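This report refers to the structure that appears directly beneath it.
Every number here is computed from the coordinates shown, using simple stated rules; none is lab data. Keep in mind it's a predicted model, so treat the numbers as computed, not measured. Positions of Cβ are generated from backbone atoms using ideal geometry, with glycine treated the same way; all protein chains shown enter the neighbour counts.
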Amino acid sequence: MKRLKYLIFFVFSFFLTPKLNAQGCRSGGQIYTNSFNFFGTLLWSGAVSESCPASASSSTQYAKFISNTTGGAGTSCTIGFFSSTGILVNYRIDNCPLDDYIWLLILPLSTLGLYYLRTRSLQQLNVL
């Protein structure tokens, strides 16, 4: 029995994926994820939105803001060649959730189901 517990734990551990934080440059609702060194200056590109769009699916990804890198105010960073500035932050790439408002669906359906069950007898439902 102990071996079975270890086997189950080992199998399920493959399905656990760690969500690692990364550093990026945050500016105007976007987090820039790719950096490159241009003659001693670190420039950022590759903007990812900080929020899910209205038409998002479960495969749509967004950059979830975690925290500023060092200190409370953060360190400034340069975006692209046109010297736009942002703040260096920690972020994590996540998929957009689809079930934020599932309770709005469950509550009326459960109320309707309860009403239906209370108004019908067990003989009408062919349970007995």
Defining a contact as two alpha carbons under 8 Å apart and six or more residues distant in sequence, what relative contact order in percent does the stretch 20-99 show?
35
I need 52, 25 ordered by Cβ neighbour count within 10 Å, fewest first.
52, 25
